[in-house]
Amino acid sequence: MSPNKSHWLQKVSSAQNNQELSNIYDNWSQEYDESVLSFGYNPPAVINGLVGRFIQSTDANILDAGVGTGMVGELLSILGYTNLVGIDLSLGMLESARKKQVYQDLRQMVLGQPLDFTDNAFDAVVSAGTFSANHAPPESFDEFMRIVKPQGLIIVAIRVDIASYIDSIRAKINTLEKEGWCQLVEHSKPFQNIPLVSERATIEAFVYRVLCG
């Protein structure tokens, strides 16, 4: 990984808390799209492919959790999806997403904490790059189950090469499945999410159907 490309990745991976992480993303926001595209960053395209496959109605209410600069929403808009809401912990990233003019609403919220949405508010939640160590914790799924309608979908890309993190995510999902909250309907093969800078960073995409509400 070259130093110029790894600078921001190293910063976010070493952040000690949400405030530090938010500050880093605020500072990165202006050049984020250019940076990650130079990494070969591909989760937004994968998430959009899954949305197109599993969510036929372009009127579906979709929450982009960890919206970043709005790369997922920009692609969803091209596909015709119009009812998009985004949340992120970074005000700088939200401002960049706002400039894309594809979201109905953008708000600062932190995954793993209570989300300021009513029960059953969305037909789906999508998340492309937020489920990684020191970002979205396993508890994020508790709120997803609450805010997604029964038979709605959770479509997420999850970092799987960090054993302690993916083990904690799997434990949470296994519990939710056993309690009847959701079921797995699709699971991708592992793929490198930033292949031009790291052979180690590996993602898998998951689609869960919410059963309770």
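None of the figures in this text is laboratory data; all of them are computed from the coordinates on show. These numbers come from a predicted model, not from an experiment. So basically every Cβ, Gly included, is an ideal-geometry build from the backbone, and we count neighbours across all protein chains shown.
Observations
- As a calculated quantity, the FRET efficiency between Glu139 and Ser164 at R0 = 22 Å, using C-beta atoms, amounts to about 0.90.
- Rounded to 5, the percent of DSSP beta bridges in the range 55-205 classed as antiparallel: 25 percent
- Where only DSSP H runs of four or more residues are counted, the chain gives -11500 deg cm²/dmol as its mean residue ellipticity at 222 nm, each run worth -39500 (n - 2.57).
- Each Lys or Arg adds one and each Asp or Glu takes one away; over the other residues whose Cβ falls under 15 Å from the Cβ of Leu111, this sums to -2.
- Remark: spin-label model distance His7-Ser188 equals 2.8 nm, labels positioned 7 Å along the Cα→Cβ axis.
- Calculated SAXS-style log₁₀ I(q)/I(0) at q = 0.19 Å⁻¹ - the range 3-210, Debye, Cα scatterers: -1.60
- Distance between the modelled labels on Asp119 and Asn18, one decimal in nanometres: 2.3 nm (7 Å Cα→Cβ projection).
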